[in-house]
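The values are calculated or read from the model by the stated rules, or taken from the named source; none is laboratory data. Remember, predicted model here, so these are calculated numbers, not experimental data.
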Amino acid sequence: MCSIFTMKCITIAGAFILFIILSTTKSFVIQGDLTFKNKESAVPIVLNDDINDIQKRQNRNRQKRARQRRKQQRQQQLRLLQNTITNLSAQLSSLQSAVMSKLISLAPSQGRR
């Protein structure tokens, strides 16, 4: 009876050792786990996604700033154009009054001849 009990202990111990070996092998690890599978290549993928998101946000900010700059430049050009038009109209009115005064001053002298 002692030999049967010893055989059972050896068999159970062997089965337990095989179970531990099988449970610690890679075949039982979940294959979809990023921490195990491609540990080196998973980090750049995650970082790349983060970098892409950051670049998209920066591009949106740059585009927004560029639009604002273009809008400000257009408004400044319109203000400059408006000032130029008012200056030209003032110069034209002064030129018109000068021409009219010359014509009026020349008209009586021509009539005397």
Checklist entry - Has the range 12-28 got any residue that is at pLDDT below 80, on the phi < 0 side of the Ramachandran plot and either of a type in the set (A, V, I, L, M) or part of a loop (DSSP other than H, G, I, E, B) (or both)? => result yes
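Residues are listed down the side, and each one gets a yes or a no for (1) modelled with pLDDT of 60 or more; (2) within 25 Å of the chain's Cα centre (by Cα); (3) not small (G, A, S):
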| site | (1), (2), (3) |
| --- | --- |
| L34 | no, no, yes |
| S41 | no, no, no |
| D53 | yes, yes, yes |
| K71 | yes, yes, yes |
| R74 | yes, yes, yes |
| I85 | yes, no, yes |
| S97 | yes, no, no |
